[in-house]
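K.L.:
So that we are looking at the same thing, I have put the structure below in structure tokens.
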Amino acid sequence: MKLLFAEDDADLRRAVQTLLERGGYTVETADNGEDAVDLAVEGDFDGLILDWMMPGKDGVEALREIRSRHVSVPCLMLTARDAVEDRVTGLDAGADDYLSKPFSTAELQARIRAMLRRRESFVPDLLSFGDLELDRSSREIRCQGRSLRLTNKAYQVMEMLMEHPHQVLSIQQIMDHVWGWDSDAEINVVWVNISQLRKRLGDLSSSVEIRAARGIGYSLETRET
């Protein structure tokens, strides 16, 4: 799952980003409303988290523009404003939920999970392909009664592959989705995680395999296909 988090407080931005990444999300950040709009329109996000008070465009203005440009991904609005009329303003601008500052990290995580469950295209907690299952809640892959827990990035790569079975995903697509387009990570991190996943599939004796399309990328297949 890929999230955009826009917040002008650098300390809070870093803390929330670290929290969410440890929870298995890929997170891109912005510190102002203009950048949030550009990223939301150009990026492939599963959810948006926007602070209300930001320089340039505030969160409400940014969200109105995002919605006017036909981006329908769910949005959680963060703000120190807690009056009823302020909540109505945020919801009318296109927010799906509203969380007042200060907030607990447990509530933030719960609100994000609830927001993502309400997406227009429902995403199940369990993905299945061939004899393999991926449990999004525990980050485990299962086959024939056995299970193995994946590391954060390996889980995100496998989730992407299982969401698009039989489809060749380029290394750059995987890099952009899992590590973010502005990441300093080298491209060999994809190869390392693919290698780790292949070993896990072998450990489970699964008929599912990750095939390489030379010079292009990878796809998830079964040995029968």
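K.L.:
Would you mind finding the longest exposed-site-free stretch of the chain, with exposed trypsin sites (Lys or Arg not before Pro) meaning DSSP loop and at most 13 other Cβ atoms within 10 Å?
P.N.:
119-213
K.L.:
Now for a separate question. Under a point spin-label approximation (7 Å from Cα along Cα-to-Cβ), what is the residue 213-residue 135 distance to one decimal in nm?
P.N.:
Roughly 3.3 nm, to one decimal.
K.L.:
Here's something else I'd like to know. With the chain treated as a Gaussian network of Cα nodes joined by springs under 10 Å, which of 191, 52, 179 yields the largest mean-square fluctuation?
P.N.:
Residue with maximal mean-square fluctuation among 191, 52, 179: 191.
K.L.:
May I pose another question? Obtain the nm distance between the two label points defined at residue 126 and residue 187 by a simple spin-label model: each point lies 7 Å from its Cα along the Cα-to-C-beta direction.
P.N.:
For the pair residue 126/residue 187, the computed spacing is 3.8 nm.
K.L.:
Let me ask something else about it. Residue by residue, what Karplus-based ³J(HN,Hα) values in Hz, rounded to whole numbers, does region 15-26 have, using 6.51, -1.76 and 1.60 with θ = phi - 60° and x for Gly and Pro?
P.N.:
5, 5, 4, 4, 4, 5, 5, 5, x, x, 8, 8
K.L.:
Angle check, please: helix 105-117 long axis (alpha carbons) against the longest principal axis of the chain (alpha carbons), in degrees 0 to 90, nearest 10.
P.N.:
70 degrees
K.L.:
Any chance you could give the angle, 0 to 90 degrees and rounded to 10, that helix 152-163 forms with the longest Cα principal axis of the chain?
P.N.:
Result, in degrees: 80.
K.L.:
Quick one: 77, 162, fewest Cβ neighbours within 10 Å first, how do they rank?
P.N.:
162, 77
K.L.:
What FRET efficiency would be calculated for the residue pair residue 11, residue 88, taking the C-beta separation as r and a Förster radius of 30 Å, to the nearest 0.05?
P.N.:
After rounding, the FRET efficiency stands at 0.50.
K.L.:
Count the DSSP beta bridges whose two residues both fall in the chain, then state the antiparallel fraction as a percent rounded to the nearest 5.
P.N.:
Taking every DSSP beta bridge with both residues in the chain, the antiparallel ones total about 55 percent.
K.L.:
Averaging sequence separations of C-alpha pairs under 8 Å and six or more residues apart, then dividing by the length of the chain, give the relative contact order as a whole percent.
P.N.:
15 percent
K.L.:
May I pose another question? Efficiency by 1/(1 + (r/R0)^6): what FRET value for residue 22 and residue 147, r their Cβ-Cβ distance, R0 = 25 Å, to the nearest 0.05? Write down the numbers at each step before the final one.
P.N.:
On the way: r = 21 Å, r/R0 = 0.83.
Step by step, r from the Cβ atoms, then E = 0.75.
K.L.:
Calculate how steeply helix 33-42 sits against the longest principal axis of the alpha-carbon atoms of the chain, using the helix alpha-carbon long axis, and give the answer as 0 to 90 degrees to the nearest 10.
P.N.:
Tilt of helix 33-42: around 30 degrees.
K.L.:
Need one number for region 127-225: average projected area of the convex hull over its C-alpha atoms, nm².
P.N.:
About 6.0 nm², averaged over all directions.
K.L.:
Suppose the Debye formula is applied to equal point scatterers at every Cα of the chain; what is log10 I(q)/I(0) at q = 0.12 Å⁻¹?
P.N.:
One equal scatterer on each Cα of the chain leads to -0.69.
K.L.:
For labels at residue 107 and residue 222 in the simple 7 Å Cα→Cβ model, what's the distance in nm?
P.N.:
The two pseudo-label positions are separated by 4.6 nm.
K.L.:
Next question, about the same structure. Mind putting a number on the dipole of the chain about its Cα centre? Charges go on the C-beta only, +1 for Lys and Arg and -1 for Asp and Glu, and I need it in Debye to the nearest 20.
P.N.:
Roughly 1080 debye, rounded to the nearest 20.
Only the coordinates and a few stated rules stand behind these numbers; no lab work does. Being a predicted model, the structure only gives us computed values, none of them experimental. Positions of Cβ are generated from backbone atoms using ideal geometry, with glycine treated the same way; all protein chains shown enter the neighbour counts.
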